[in-house]
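Inspection log for the structure reproduced underneath, given as structure tokens.
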Amino acid sequence: MSVFNRHTINCPPFGLLKYGSAHWLGEVELDAFEEMLRVIVRAKRDGPTDAQIAAMTRLLSDVATIKTLASKAMVDVFVDCELLPRDFGSDVHHIWQYLSPCEIEVSDENYFGGGDNRINIMILFESPQHLDFLPAIVTIDGYFEECISGT
């Protein structure tokens with residue numbers, strides 16, 4: 001199939017998705033971050049699986065709580081990487097002013113291997129102050145798990 005005639009589907013909660021090579025591309029709005037983000041769904045040509053749809057639905061329904069839970073963990077990532085601004089202060093929720101969400105990646109059921117069918121969804125961020133720093137919020141089946149550094 002030509003790249004100019006890609007297969008498309010409308011798949012809530014992902015919206016309109018275009019098929020690439022073993023992945024689907026689209027855009028999803030994350031209300032808590034007030035951004036439309038590119039989403040990559042690792043799935044075959046028949047579209048996202050029920051598990052991927054359920055995990056993304058869960059994430060979108062509780063993204064404000066996920067952001068709140070991730071605040072302290074994201075500060076810890078900045079501290080571990082020695083990138084926390086000197087004038088940061090004590091309110092962990094201010095960490096988001098130093099980050100711009102840029103992409104969501106949705107794994108397939110084989111991500112963890114060994115018959116573990118959980119879905120890993122990562123919200124990736126860019127840092128205007130540190131261009132080689134791409135931290136992420138990691139969720140498992142749509143529930144907050146941890147924050148990781150992408151440096």
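Values in this text are rule-based calculations from the coordinates and carry no lab data. Remember, it's a predicted structure, so these values are computed and weren't measured experimentally. No Cβ is skipped: glycine too gets one built from the backbone with ideal geometry, and neighbour counts run over all protein chains shown.
Here are a few things to note about the model shown:
- The distance separating the Cα centre of the stretch 94-118 from that of the stretch 1-72 comes to 11 Å.
- Placed amide H near Leu37: partners under 5 Å, 5+ positions off or other chain: Val28, Glu29, Leu30
- Table column - 3J(HN,Hα) (Hz), the stretch 35-51, Karplus curve with 6.51, -1.76, 1.60, x for Gly and Pro: 9, 8, 10, 5, 10, 10, 10, 7, 7, 6, 4, 7, x, x, 7, 4, 5
- Net charge contributed by nearby residues that have their C-beta within less than 13 Å of Ala43 (K/R +1, D/E -1): -1
- Kirkwood analysis of the chain, using all unique Cα-Cα pairs, places the hydrodynamic radius at 16.1 Å.
- Our estimate of slack between Asp31 and His93, defined as 0.36 nm per intervening residue step minus the Cα-Cα distance, is 20.7 nm.
- Length available on full extension from Leu83 to Ser61: 0.36 nm per residue minus the Cα-Cα distance, which gives 4.8 nm.
- Partners for Lys44 among lysines (Cα-Cα distance below 24 Å; same-chain residues under 8 apart left out): Lys18
- DSSP assigns beta bridges within the chain; of those with both partners inside it, close to 90 percent run antiparallel.
- A cut-off of 5 Å between modelled amide H atoms, ignoring neighbours fewer than 5 places along the same chain, links Glu126 with Ser100, Cys102.
- In the chain, helices alone account for a calculated mean residue ellipticity at 222 nm of -6500 deg cm²/dmol, with every DSSP H run of four or more residues adding -39,500 (n - 2.57).
- The stretch 1-47 - charge dipole about Cα centre, Lys and Arg +1 at Cβ, Asp and Glu -1, debye rounded to 20: 460
- Residues Ile137, Ile66, Ile53 in ascending order of nearby Cβ atoms (within 10 Å, fewest first): Ile53, Ile66, Ile137.
- Angle in degrees between helix 63-80 and the longest Cα principal axis of the chain, rounded to the nearest 10: 50
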